[in-house]
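Just below is one structure, and these are the notes that go with it.
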Amino acid sequence: MKKKATKTMFNFLLKILDRKKYQILKSQKKDKQTQEIYFKKIIPKIKEIQTVLKNKSHISFLHSGHLGDIINSLPVIKEISKFKKCSLYIEINKKINDPRAITNHPGNDIFLSKNAVNKLIPLLNKQSYISSVEFFNSNKIDIDLNFFREMPINFNIDSVRWYSHLVGLHPSLKDAYIENIPEVEKYNNTIVIMRSLRRQNSLINFNFLNSYKNVLFVGLENEYQDLNKSIKNLKFYDCEDFFELASIIKSSKIFIGNLSFGFALAEALKVPRLLESRPDFPLVYPNGEKAFEFYFQEHFEELFKKLYSN
């Protein structure tokens, strides 16, 4: 106890008298702690995943959400399905431990509700590279896709790439990875928006879209009411499930969304799309053609006109 108190006092004095040296020692300590986590916990799990991929012909995956994270895991599952049979289990009601992530979260303090997964399953069942999709019920799991949350990584890397670092495979992200989605002709000239209350960019407004017809919101009703204050001619549609939602997004002339499930769908479908991002929390980066992210109003309007006119 006395030794610990002496060390604490030393660090306190060093922080005051030689801040540069203090920062160096602090950084070295953090690096050492991170290495210990990798060697004791992360690398053994990575090796275990490699063994599974090498030896098993049927791979079972587990995901606990968010919805967008499940969509972002599909490129890796699709890549593995080229040489393995793939099944996906989805866990509901898992608690979100980070209080910062709960604010304005549609599931309150859980990643996925049963209702959300029931809406997602019809979409996932259409993906030919997944042999089955089921609710998780203590099933035998080969690869836990939630494991990335335990890795001491910078989560501001492109979130769709998290899963590549779990399995060591890097699929092409320029092509669509949600398939078998029909287009609905009546939405072909529609501007489709899905904008959550979380992760909005305070520098951005949507007022200029009042000059356009056929502007449709497909998110939650309280999100619609929030955006309707800026876009007076904004229409609202409550989709039956996420297969229908994907169909509307695929049919749209252009999709606009922020860091939420809607943009994950648009990215997976590779429709013309704009991402409302933030310089302090980028997290997602569009991959492929006719896709841009923006931080500032001027760029938003210019990029919108560019995509809308094509």
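Among the conditions (1) touching a residue at least 24 places away in the same chain (Cβ under 8 Å); (2) farther than 20 Å from Lys119 by Cα; (3) of a type in the set (A, V, I, L, M, F, W, C), the only one that Val271 does not satisfy is (1). Any residue at all in the range 237-244 that's hydrophobic (A, V, I, L, M, F, W, C) and touching a strand residue (DSSP E or B) at 6+ places or on another chain (Cβ under 9 Å)? Taking every residue of the range 237-244 in turn, none turns out to be hydrophobic (A, V, I, L, M, F, W, C) and touching a strand residue (DSSP E or B) at 6+ places or on another chain (Cβ under 9 Å). Val52 meets the conditions (1) surrounded by 10 or more Cβ atoms within 10 Å (Cβ to Cβ); (2) modelled with pLDDT under 80 in every case but one. The failed one is (2). For the range 272-300, residues that are among the charged types (D, E, K, R) and crowded, with 17+ Cβ neighbours inside 10 Å total 4.
Considering Ile153, Ile130, Ile141, Ile178, the condition of being more than 24 Å from Leu269 (Cβ to Cβ) and modelled with pLDDT of 90 or more is satisfied by Ile141 alone. The residue list Phe296, Phe236 contains one member that is under 18 Å from Ser196 (Cβ atoms), at pLDDT 95 or above and aromatic (Phe, Trp, Tyr), which is Phe236.
Of all the residues in the range 173-200, those that are in contact with a helix residue (DSSP H, G or I) (Cβ under 8 Å, 6 or more places away or on another chain) and either among the small types (Gly, Ala, Ser) or in a loop (DSSP other than H, G, I, E, B) (or both) number 13. Scan the range 57-73 for residues that are more than 20 Å from Lys140 (Cα to Cα) and in a helix (DSSP H, G or I) and the total you get is 5. In the range 94-124, of all residues being in contact with a Phe, Trp or Tyr (Cβ under 8 Å, 6 or more places away or on another chain) and part of a loop (DSSP other than H, G, I, E, B), the one that is modelled with the lowest pLDDT corresponds to Ile96. Elements of the type helices (runs of 4 or more DSSP H) sitting completely within the range 202-310 and holding at least 2 residues that are of a type outside the set (D, E, K, R) and under 26 Å from Val160 (Cα atoms): these cover 242-251, 261-269, 297-308.
Restricting Val184, Val160, Val192 to those that are within 25 Å of Asn258 (Cα to Cα), in contact (Cβ under 8 Å) with a residue 24 or more places away in the chain, exposed (fewer than 15 other Cβ atoms within 10 Å of the Cβ) and not charged (D, E, K, R) reduces the list to Val184.
The values are calculated or read from the model by the stated rules, or taken from the named source; none is laboratory data. Predicted model, so just to flag it, every value in this text is computed and none were measured. Neighbour counts are summed over all protein chains in view; Cβ atoms, including those assigned to glycine, are modelled from backbone coordinates with ideal geometry.
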